[in-house]
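Here the structure is laid out as structure tokens; the discussion comes afterwards.
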Amino acid sequence: MLQTQDLTVRFGGHVAVNAVSCSFAPGTLTAIVGPNGAGKTTFFNLVSGQIPASSGTVHLNGVDLSQATVSARTRAGLGRAFQLTNLFPHLSVLENVRLAVQATRPGAHWHGLNLWSIWSDHRALTERALEILHTVAMQHQQAVLVSSLPHGDQRKLEVALLMALEPQVFMFDEPTAGMSHDEAPVILNLIRELKKDKSKTILLVEHKMDVVRELADRIIVLHNGTLVADGDPATVIALPVVQEAYLGVAKEAA
């Protein structure tokens, strides 16, 4: 269970996220929606630790992560996609994923001078990395340098790296942004597959309401940094604040 309590951040006199309290349960995909500037990505940044909160807390499985670093939150089980900086452009696709797999196994690569153990562990890491590449349909690109991958394939690789970290919570911030019409379904299919694991919690910031309708079990709406709605997709999509932001329904004159 991921939980935020009164999570708030101020930039000068501007309150970007205003006392947001929300819980996210395993087996649920929650879409976070709202107009531009509503605070969606800032909320993600607060949860994953990219920016410090002015006040409020973040808990995962009862553990307070509010003062934890980004890496400590990752180790605790929070996984943030598409803000990762650990794509190594001059290494191969396989080497990138193998490094992410290795990162989840502290000390697994070190056995003094026992070369047999080192080789055995290297083989196990490689096998796990290949399993993940098969899941994202990139096994045929395992030897390709990351710098030469098209944008869409780099996005797929970022999902693979996130999967290699084995988080409890997957956080996707507009996962199809900048992707072509042909590329986007690949990422959405990966998220559909992740949804099948009911031990995982998925958070999704997404502007495309057709994607939200299909994937979300629940929608929360942020507006001016405040949580203004929370419920099942059909109910929330019908709300005026969502209609205005996404469907072009004009606001009534003040």
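The values are calculated or read from the model by the stated rules, or taken from the named source; none is laboratory data. In this text, all values refer to a predicted model and were calculated from it rather than measured experimentally. Cβ coordinates were reconstructed from backbone atoms using ideal geometry, including for glycine residues, and neighbour counts include every protein chain displayed.
Report, by residue number, each residue of region 1-39 that is among the aliphatic types (A, V, I, L, M) and not in a strand (DSSP E or B).
1, 25, 38
Can you tell which of 25, 38, 31, 19 is closer than 26 Å to residue 187 by Cα, surrounded by fewer than 16 Cβ atoms within 10 Å (Cβ to Cβ) and either assigned by TED's automatic domain parsing to the domain that holds residue 190 or of a type in the set (Asp, Glu) (or both)?
After ruling out the rest, the residue left standing is 25.
In region 61-76, how many are assigned to a loop (DSSP other than H, G, I, E, B) and touching a helix residue (DSSP H, G or I) at 6+ places or on another chain (Cβ under 9 Å)?
Final tally of qualifying residues: 3.
For region 134-151, enumerate the residues that are part of a loop (DSSP other than H, G, I, E, B) and either free of Cβ contacts under 8 Å to residues at least 40 places away in the same chain or over 17 Å from the mean Cα position of the chain (by Cα) (or both).
If we filter region 134-151 for residues that are part of a loop (DSSP other than H, G, I, E, B), which is where we start, we get 136-138, 142-144, 149-150.
137, 138, 142, 143, 144, 149, 150 - these are the residues of region 134-151 that are part of a loop (DSSP other than H, G, I, E, B) and either free of Cβ contacts under 8 Å to residues at least 40 places away in the same chain or over 17 Å from the mean Cα position of the chain (by Cα) (or both).
Which one is surrounded by the most Cβ atoms within 10 Å (Cβ to Cβ), of the residues in region 167-189 that are more than 12 Å from the chain's Cα centre (by Cα) and at pLDDT 90 or above?
Only one residue fits best here, namely 188.
Scanning region 133-163 for residues that are buried (at least 18 other Cβ atoms within 10 Å of the Cβ) and farther than 11 Å from residue 93 by Cα, which turns out modelled with the lowest pLDDT?
For region 133-163, the residue satisfying everything is 155.
Yes or no: residue 58 among the hydrophobic types (A, V, I, L, M, F, W, C), in contact (Cβ under 8 Å) with a residue 24 or more places away in the chain and assigned to a helix (DSSP H, G or I)?
Against the criterion (among the hydrophobic types (A, V, I, L, M, F, W, C), in contact (Cβ under 8 Å) with a residue 24 or more places away in the chain and assigned to a helix (DSSP H, G or I)), residue 58 does not qualify.
Take the residues in region 152-172 that are assigned to a helix (DSSP H, G or I) and among the acidic types (Asp, Glu), then tell me which one is farthest from residue 96 (Cα to Cα). Quick ask: steps written out before the conclusion?
Keep residues of region 152-172 that are assigned to a helix (DSSP H, G or I), which gives 152-164.
Checking which are among the acidic types (Asp, Glu) leaves us with 153, 158.
On the way: 153: 13, 158: 10 Å.
Result: 153.
Take the residues in region 21-37 that are modelled with pLDDT under 90 and not polar (S, T, N, Q), then tell me which one is nearest to residue 206 (Cα to Cα). Let's see the steps before the verdict.
Restricting attention to region 21-37, the residues satisfying the condition of being modelled with pLDDT under 90 are 34-37.
Then keep just the ones that are not polar (S, T, N, Q); that gives 34-35, 37.
Working: 34: 9, 35: 11, 37: 13 Å.
Only one residue tops the list, namely 34.
Taking the stated definitions as given, is residue 226 on the phi < 0 side of the Ramachandran plot and surrounded by fewer than 19 Cβ atoms within 10 Å (Cβ to Cβ)?
So residue 226 passes the test.
Look through 198, 208 and report the one residue that is within 24 Å of residue 59 (Cα to Cα) and in the same structural domain as residue 16 (by TED's automatic domain parsing). Working first, answer last.
Numbers: 208 fails: within 24 Å of residue 59 (Cα to Cα).
Only one candidate qualifies: 198.
Only one of these is in a helix (DSSP H, G or I) and either surrounded by 12 or more Cβ atoms within 10 Å (Cβ to Cβ) or modelled with pLDDT of 85 or more (or both): 122, 90. Name it.
Unique residue meeting the criteria: 122.
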